[in-house]
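Only one structure is covered here, and it is reproduced in the block below.
A short reminder: the numbers here are calculations on the coordinates, not readings from a lab. From a predicted model like this one, the values you see are computed outputs, not experimental measurements. As a convention, Cβ positions derive from the backbone with ideal geometry for all residues, glycine included, and neighbour counts pool all protein chains shown.
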Ligand code: ATP
Ligand code: MG
Ligand code: MG
């Protein structure tokens with residue numbers, strides 16, 4: 001059988017490995033950390049750094065196709081892998097999503113709405129950007145941000161200096177603050193033949209920049225629901241995308257505003273593990289392996305709760321709840337803010 005190569009050995013890589021294994025594939029994970037969540041469930045683990053060309057080459061040669069669980073893969077590593085094996089989703093999706101400025105320009109060109117934005121490299125840029133965009137606003141590093149890290153809120157122009165200091169000289173982006181009523185996301189998949197399957201949009205609640213819960217169905221009227229799915233399909237087609245993509249949206253009375261995209265399986269899609277016949281992880285594996293996409297229709301109402309840091313102390317209690325499916329990542333050390341697992345609570349008898 002074929003072997004799927006996965007760059008990154010965190011919980012997303014782990015759940016991709018499990019899904020691949022269920023379809024009869026072998027998996028090989030590339031990850032510097034020896035004791036990572038994915039290494040416990042995958043067939044092979046290349047424990048090496050992204051700046052090790054020999055390790056990258058032997059990893060690529062050991063697999064049939066390469067996918068990834070995070071978007072910040074160094075370009076130099078991709079350059080090496082690309083000469084040996086197909087990378088799915090493709091490099092254009094990575095290039096665009098690695099930089100918030102490139103991403104917002106791409107979305108704008110597609111005719112999609114984003115928060116107003118401006119590039120900020122220094123104090124002069126920030127002053128000009130604040131004149132244009134106004135307050136409140138958020139200054140974000142253009143690269144490497146996740147779970148709300150690398151962001152500073154600017155409530156009044158008096159906060160500007162402090163916010164700029166927090167960027168520590170790295171290129172940043174100022175975003176106008178969107179007065180949304182709630183946040184939703186669409187998890188969408190596209191196969192090499194161009195077929196598309198979107199999961200039902202989920203409603204997301206964040207706390208301190210970290211996803212706390214996802215609830216399906218989301219509060220959306222029929223127009224908003226079809227707009228959300230159509231705009232996700234628009235993005236997939238524009239990138240000639242293969243695999244699963246997460247699209248985070250702000251819901252406002254007038255329109256849906258795209259917050260960001262992630263070229264991978266997404267935390268807000270974890271509910272699909274217990275709410276659909278084929279979940280986001282299997283859908284991603286199917287797409288990258290050129291299988292037909294599976295049935296991603298939602299059969300149940302679900303609330304997904306992330307178990308973050310000491311939340312995991314409640315596992316035994318959660319384990320005995322009815323209608324609760326527990327997913328733990330096997331992480332040895334529990335730290336504040338660290339995602340340790342999640343629980344999908346099904347609404348009994350409803351769909
Ligand atoms: P992720 O872990 O999802 O990749 P991230 O670090 O890339 O997170 P964002 O998604 O940009 O962060 O922001 C995190 C959260 O902060 C959003 O889900 C939203 O709640 C809030 N937020 C971000 N940008 C804006 C904005 N322009 N207006 C209002 N709220 C925002
Ligand atoms: Mg992000
Ligand atoms: Mg986000």
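Things worth noting here:
- FRET efficiency for residue 153 and residue 48, using Cβ-Cβ distance with R0 set to 51 Å, rounded to 0.05: 0.85
- Sequence ranges 302-313, 277-288, ranked by mean other-Cβ count within 10 angstrom, highest first: 277-288, 302-313
- For segment 32-50 versus segment 95-162, the gap between their alpha-carbon centres in whole angstrom: 35 Å
- Overall form of the chain per C-alpha gyration tensor (a/c, 1.5; a/b vs b/c): rounded
- Simple spin-label estimate for residue 332 and residue 110 in nanometres, 7 Å along Cα-Cβ: 4.1 nm
- Packing-based order for 8-16, 328-336, using average beta carbon neighbours within 10 Å, highest first: 8-16, 328-336
- From least to most packed, judged by other beta carbons within 10 angstrom and beginning with the fewest, 212, 225 follow the order 212, 225.
- Burial order of peptide ranges 70-83, 249-262 (average beta-carbon count within 10 Å, highest first): 249-262, 70-83
- Inter-probe distance in nm under a simple model that places probes 7 Å from Cα toward Cβ, at residue 238 and residue 347: 3.3 nm
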